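Engineer: Before anything else, here's the structure in question.
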Protein chains: 2
Amino acid sequence: MAVNFPSIDPASLHPVPGVTLGWAEANLRKPNRKDVLVIAVDDGATVSGVFTTNRFCAAPVTVCREHLALARGGAAPIRALLVNTGNANAGTGEPGLAHARDSCAELARLLRIDAQQVLPFSTGVILEPLPIERLKAGLPQAVAQLAPAHWYEAAQAIMTTDTLPKVASRQLDIDGHTVTLTGISKGAGMIKPDMATMLGFVATDAAITQPVLDTLVKDVADQSFNCITVDGDTSTNDSFIVVASARSTLPVITSTQSAAYRALRDALTQLAQTLAQLIVRDGEGATKFMTVRVEAGRSVDECRQVAYAIGHSPLVKTAFYACDPNLGRLLAAIGYAGIADLDVSRIELYLDDVLVAKAGGRHPDYREEDGQRVMKQSEITIRVCLARGDAQATLWTCDLSHDYVSINADYRS
Amino acid sequence: MAVNFPSIDPASLHPVPGVTLGWAEANLRKPNRKDVLVIAVDDGATVSGVFTTNRFCAAPVTVCREHLALARGGAAPIRALLVNTGNANAGTGEPGLAHARDSCAELARLLRIDAQQVLPFSTGVILEPLPIERLKAGLPQAVAQLAPAHWYEAAQAIMTTDTLPKVASRQLDIDGHTVTLTGISKGAGMIKPDMATMLGFVATDAAITQPVLDTLVKDVADQSFNCITVDGDTSTNDSFIVVASARSTLPVITSTQSAAYRALRDALTQLAQTLAQLIVRDGEGATKFMTVRVEAGRSVDECRQVAYAIGHSPLVKTAFYACDPNLGRLLAAIGYAGIADLDVSRIELYLDDVLVAKAGGRHPDYREEDGQRVMKQSEITIRVCLARGDAQATLWTCDLSHDYVSINADYRS
């Protein structure tokens with residue numbers, strides 16, 4: 001059961017001019033579910049993305065990188081995204097690469113573009129061959145359904161262990177021009193994006209040059225999808241893609257120094273954070289949504305190190321599941337985070353507004369009932385003040401419950 | 001339920017001349033259980049230890065380091081170990097340090113030695129004040145029970161979430177002299193020793209000079225307690241201590257280059273590995289004992305990095321709990337272990353004798369039923385060949401089950 005997942009009205013989602021979406025039920029792993037998504041992009045758009053750092057990256061990730069490099073190098077621009085669920089096409093060696101290329105070629109044939117203009121994405125079980133013939137057989141259905149209003153169905157089509165479709169949309173005004181941002185994401189387990197299987201696709205109708213879009217995607221990913229973890233397992237297939245369709249009346253954004261860039265970046269960051277947080281809210285077995293904020297560190301990296309130590313600790317996560325303020329587990333995680341010269345006597349630990357620990361131990365005013373009160377909430381902020389600098393980092397994560405074990409002990413069967 | 005835990009006959013444990021053990025029921029957290037242990041060491045012994053690297057190390061760890069430094073500096077030698085369960089005396093600031101010192105002073109008074117000749121150890125809940133008065137009140141009972149034959153009861157006295165006492169003993173012949181080795185350990189959760197709450201105490205009657213013993217303890221810890229993980233949480237209280245009582249007829253060991261040193265080191269390593277593996281076999285909720293062996297790496301460090309990525313992955317651990325050969329999760333963990341230039345096309349992955357993956361993907365001869373057969377065993381070896389060097393490392397770990405969540409969601413209540 002997802003944690004405070006907002007209800008989404010499909011009618012509230014803004015179509016992005018220049019972008020159409022269509023799905024198919026291709027029977028890739030289970031019958032009667034949407035498992036193929038095509039996103040088609042009109043000519044004139046720019047596309048950029050960031051991908052998993054996992055060395056066993058999936059075949060489609062390799063092909064995406066190749067095709068994006070070709071597009072950046074001036075060859076034909078990206079015109080379509082092809083996503084399948086039910087199979088990750090990872091740990092599949094050379095045959096997996098051939099399947100990824102074959103799927104691009106088939107979609108390209110249907111859309112009358114080149115294979116290198118297609119970016120392929122897969123999510124599902126690793127180490128099993130992609131059912132390429134069934135995938136290809138589903139493409140005509142997907143292409144026939146292409147339409148601008150299909151964002152909600154697109155979010156459904158990329159779900160695996162997700163219990164709810166993840167989609168967000170907004171419009172903003174930049175310099176008197178309306179700009180639209182709409183995106184979808186998926187993911188619930190194997191989530192520790194180090195841009196998990198986490199997929200995020202956002203489109204805007206703004207016009208953005210390729211180098212500026214490349215910077216924008218990295219900036220936004222670092223402030224959104226790279227700030228979440230469910231189980232600490234970085235997937236083989238993580239991908240975050242931004243499509244800029246260039247249909248807005250806003251003049252093309254050519255510099256990261258412009259006011260329009262900053263306005264778009266801030267709006268896109270907010271939208272991507274929403275999509276990333278939806279993944280955590282729907283984290284496998286999650287019953288609580290936790291924000292881990294580490295402040296006053298010497299560097300963002302060390303703040304993130306402490307935040308991840310907390311976010312990945314099974315003992316911390318089970319204590320939150322139990323609503324048990326066994327908060328010494330938080331101190332233990334801070335202590336083993338790997339900061340060799342950390343002075344623990346200076347650290348302050350807060351649970352929401354409750355000061356728990358200070359001067360190396362439990363704060364004298366801390367009362368168990370205050371901790372208990374916060375632990376019973378479904379949304380909790382853990383705040384750690386390192387008192388050694390000005391850097392800070394935020395991580396969004398969830399608890400570890402019986403359902404996480406059930407979901408992952410039964411996933412394939 | 002522990003995994004293939006050997007049955008231990010208390011009568012088979014060899015007393016170590018010069019070492020006596022006594023316990024008390026001090027009611028520190030729960031009534032009617034042994035929760036205080038005193039190990040007394042006759043004059044003439046050397047003692048060494050290694051401790052947690054957690055920056056939030058417990059007050060007794062700090063005091064142990066001080067007292068061992070004093071002993072090494074030529075002050076009075078260590079003559080007693082004092083262990084309590086039910087409370088970790090960690091995250092307790094200055095009052096915690098005062099409590100640890102106070103407990104040493106009280107035991108010293110009863111044994112007519114100096115406070116600095118006592119090493120204190122605590123394990124249990126973090127961030128709560130040590131019930132020092134109850135602990136002190138239990139000491140006369142423990143001292144009154146001191147006897148050489150109490151190793152089994154000593155192992156019981158240091159249990160927390162452990163379901164079984166952990167003890168091992170052996171005698172060997174070195175150069176015609178009989179040498180005895182007997183030790184105890186505890187730990188089941190918060191186990192990723194980077195010396196978890198893991199305590200290990202081993203005594204031998206060999207005579208070993210202090211510098212040689214210091215080297216011996218580090219060598220042995222690196223090959224035993226530092227090769228296990230249950231949940232990746234490095235405790236605030238981990239300690240591994242070796243007492244050399246110097247009562248054997250074997251001449252004093254003064255060099256790490258001697259045949260006697262190597263014989264003792266090998267025997268001690270084997271004993272410590274047994275004690276460390278008992279912790280994993282009794283890991284919280286464990287249903288399987290897994291050996292992760294990473295071979296042909298460039299360095300021991302990178303082999304350990306890959307082994308820990310596998311051993312800590314909740315997805316890998318739940319798949320093993322389910323007996324589900326969802327082995328792509330192993331590839332994902334290898335891929336995100338952090339070896340930037342890892343060539344995944346050269347990696348081989350074996351489950352016991354079954355070759356699962358090769359050339360970046362599933363081996364053509366791999367059959368799911370072979371993987372399934374191995375997954376159903378209670379003891380499994382995961383072997384990864386990195387094919388890039390001569391280094392290797394072994395890690396012992398367990399699966400992640402519903403019981404792990406239950407145990408840790410309910411631990412304090």
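Engineer: Would you pick out the residues in region A:131-159 that are assigned to a helix (DSSP H, G or I), open to solvent by 30 Å² or more (accessible area, probe 1.4 Å) and not charged (D, E, K, R)?
Structural biologist: A:A137, A:P140, A:Q141, A:V143, A:A144, A:Y152, A:Q156
Engineer: So which residues in region A:304-341 are surrounded by fewer than 23 Cβ atoms within 10 Å (Cβ to Cβ), of a type outside the set (G, A, S) and part of a loop (DSSP other than H, G, I, E, B)?
Structural biologist: Hits for region A:304-341 are A:C323, A:D324, A:I339, A:D341.
Engineer: Checking the conditions here, which among A:T381, A:T318, A:T394 is within 13 Å of another protein chain (Cβ to nearest Cβ) and of a type in the set (S, T, Y)?
Structural biologist: None of the others qualify; the one that does is A:T318.
Engineer: Now a separate question. Restricting to region B:344-353, and then to whatever is open to solvent by 10 Å² or more (accessible area, probe 1.4 Å) and in contact with a helix residue (DSSP H, G or I) (Cβ under 9 Å, 6 or more places away or on another chain), can you tell me which residue is nearest to the other protein chains (Cβ to nearest Cβ)? Let's see the steps before the verdict.
Structural biologist: Of region B:344-353, the ones open to solvent by 10 Å² or more (accessible area, probe 1.4 Å) are B:344-346, B:348, B:350, B:352-353.
Going one step further and asking which of them are in contact with a helix residue (DSSP H, G or I) (Cβ under 9 Å, 6 or more places away or on another chain), we end up with B:344-345, B:352-353.
Working: B:V344: 5, B:S345: 7, B:D352: 17, B:D353: 18 Å.
If we take residues in region B:344-353 being open to solvent by 10 Å² or more (accessible area, probe 1.4 Å) and in contact with a helix residue (DSSP H, G or I) (Cβ under 9 Å, 6 or more places away or on another chain), then B:V344 is nearest to the other protein chains (Cβ to nearest Cβ).
Engineer: Residue by residue through region B:58-68, note down the ones that are in a loop (DSSP other than H, G, I, E, B) and of a type in the set (S, T, N, Q). Don't jump to the end; show me each part of the working.
Structural biologist: As a first pass, look at region B:58-68 and keep what is in a loop (DSSP other than H, G, I, E, B): B:58.
Hits for region B:58-68: nothing passes.
Engineer: For the subset of region B:354-378 comprising residues that are within 14 Å of another protein chain (Cβ to nearest Cβ) and open to solvent by less than 10 Å² (accessible area, probe 1.4 Å), which member is farthest from B:M290 (Cα to Cα)?
Structural biologist: Among them, the one singled out is B:G361.
Engineer: All but one of (1) within 16 Å of B:T20 (Cα to Cα); (2) of a type in the set (A, V, I, L, M, F, W, C); (3) open to solvent by 40 Å² or more (accessible area, probe 1.4 Å) hold for B:I184; which doesn't?
Structural biologist: Here B:I184 clears every test but (3).
Engineer: Do we find a residue being within 27 Å of A:I310 (Cβ to Cβ), more than 14 Å from chain B (Cβ to nearest Cβ) and in a strand (DSSP E or B) anywhere in region A:213-231? Show your work before the answer.
Structural biologist: In the first step, residues of region A:213-231 are kept if they are within 27 Å of A:I310 (Cβ to Cβ); the result is A:218-231.
Next cut, more than 14 Å from chain B (Cβ to nearest Cβ) only: A:218-225, A:227-228.
Subset that is in a strand (DSSP E or B): A:228.
Yes: region A:213-231 contains one or more residues that are within 27 Å of A:I310 (Cβ to Cβ), more than 14 Å from chain B (Cβ to nearest Cβ) and in a strand (DSSP E or B).
Engineer: Which pairs turn up if I take residues in region A:260-276 that are open to solvent by 10 Å² or more (accessible area, probe 1.4 Å) and look for partners that are part of a helix (DSSP H, G or I) and of a type in the set (D, E, K, R) with beta carbon separation below 7 Å, at least 6 apart in sequence or on another chain?
Structural biologist: A:R265/A:D219
Engineer: Next up: Test each condition in (1) more than 23 Å from the chain's Cα centre (by Cα); (2) under 30 Å from A:A322 (Cβ atoms) for B:E368 and report the one that comes out false.
Structural biologist: (2)
Engineer: Mind listing just one residue for me: the one in region B:277-303 that is part of a loop (DSSP other than H, G, I, E, B) and at pLDDT 90 or above and, of those, most open to solvent (accessible area, probe 1.4 Å)?
Structural biologist: So, considering only residues that are part of a loop (DSSP other than H, G, I, E, B) and at pLDDT 90 or above, the one most open to solvent (accessible area, probe 1.4 Å) is B:R298.
Engineer: Can I ask one more? Considering each residue of region B:383-397, count those that are surrounded by 17 or more Cβ atoms within 10 Å (Cβ to Cβ) and farther than 18 Å from B:A276 by Cβ, and give that number.
Structural biologist: Residues flagged as surrounded by 17 or more Cβ atoms within 10 Å (Cβ to Cβ) and farther than 18 Å from B:A276 by Cβ within region B:383-397 amount to 6.
Engineer: Within the group B:A40, B:A71, which residue is open to solvent by 10 Å² or more (accessible area, probe 1.4 Å), away from chain A (no Cβ under 14 Å) and part of a helix (DSSP H, G or I)?
Structural biologist: One residue alone meets the criteria, B:A71.
Engineer: With (1) within 26 Å of A:E128 (Cβ to Cβ); (2) surrounded by fewer than 18 Cβ atoms within 10 Å (Cβ to Cβ); (3) in contact with a helix residue (DSSP H, G or I) (Cβ under 8 Å, 6 or more places away or on another chain); (4) within 14 Å of another protein chain (Cβ to nearest Cβ) as the list, and B:S406 as the residue in question, which single condition is left unmet?
Structural biologist: (1)
Engineer: Do we find that A:A263 is at pLDDT 90 or above and more than 14 Å from every other protein chain (Cβ to nearest Cβ) in this structure? Talk me through it step by step, then tell me what you get.
Structural biologist: Details: at pLDDT 90 or above: yes; more than 14 Å from every other protein chain (Cβ to nearest Cβ): yes.
The answer is yes for A:A263.
Engineer: When you look at B:L135, is it within 12 Å of B:V38 (Cβ to Cβ), touching a helix residue (DSSP H, G or I) at 6+ places or on another chain (Cβ under 8 Å), more than 14 Å from chain A (Cβ to nearest Cβ) and aliphatic (A, V, I, L, M), yes or no?
Structural biologist: It is true that B:L135 is within 12 Å of B:V38 (Cβ to Cβ), touching a helix residue (DSSP H, G or I) at 6+ places or on another chain (Cβ under 8 Å), more than 14 Å from chain A (Cβ to nearest Cβ) and aliphatic (A, V, I, L, M).
Engineer: Go through region A:232-259 residue by residue and tally those that are within 14 Å of chain B (Cβ to nearest Cβ) and either open to solvent by 20 Å² or more (accessible area, probe 1.4 Å) or over 23 Å from A:L81 (Cα atoms) (or both).
Structural biologist: The total comes to 2.
Engineer: For the condition among the polar types (S, T, N, Q), open to solvent by less than 40 Å² (accessible area, probe 1.4 Å) and within 14 Å of another protein chain (Cβ to nearest Cβ), what is the one hit in B:T46, B:T62, B:T52?
Structural biologist: Among B:T46, B:T62, B:T52, only B:T52 is among the polar types (S, T, N, Q), open to solvent by less than 40 Å² (accessible area, probe 1.4 Å) and within 14 Å of another protein chain (Cβ to nearest Cβ).
Engineer: Is it the case, given these coordinates, that B:R247 is modelled with pLDDT of 90 or more and of a type in the set (K, R)?
Structural biologist: Criteria not met by B:R247.
Engineer: Continuing with the same structure: Filter region A:80-130 for residues that are more than 14 Å from chain B (Cβ to nearest Cβ), open to solvent by 10 Å² or more (accessible area, probe 1.4 Å) and not in a helix (DSSP H, G or I) and give the result.
Structural biologist: A:R112, A:I113, A:D114
The values are calculated or read from the model by the stated rules, or taken from the named source; none is laboratory data. As the structure is a computational prediction, the values presented were derived from the model and not from experiment. All Cβ positions, glycine included, derive from the backbone under ideal geometry; neighbour counts span all protein chains shown. With ligands, DNA and RNA removed, areas are computed over all heavy atoms of the protein, side chains included. Shrake-Rupley method; radii C 1.70, N 1.55, O 1.52, S 1.80 Å.
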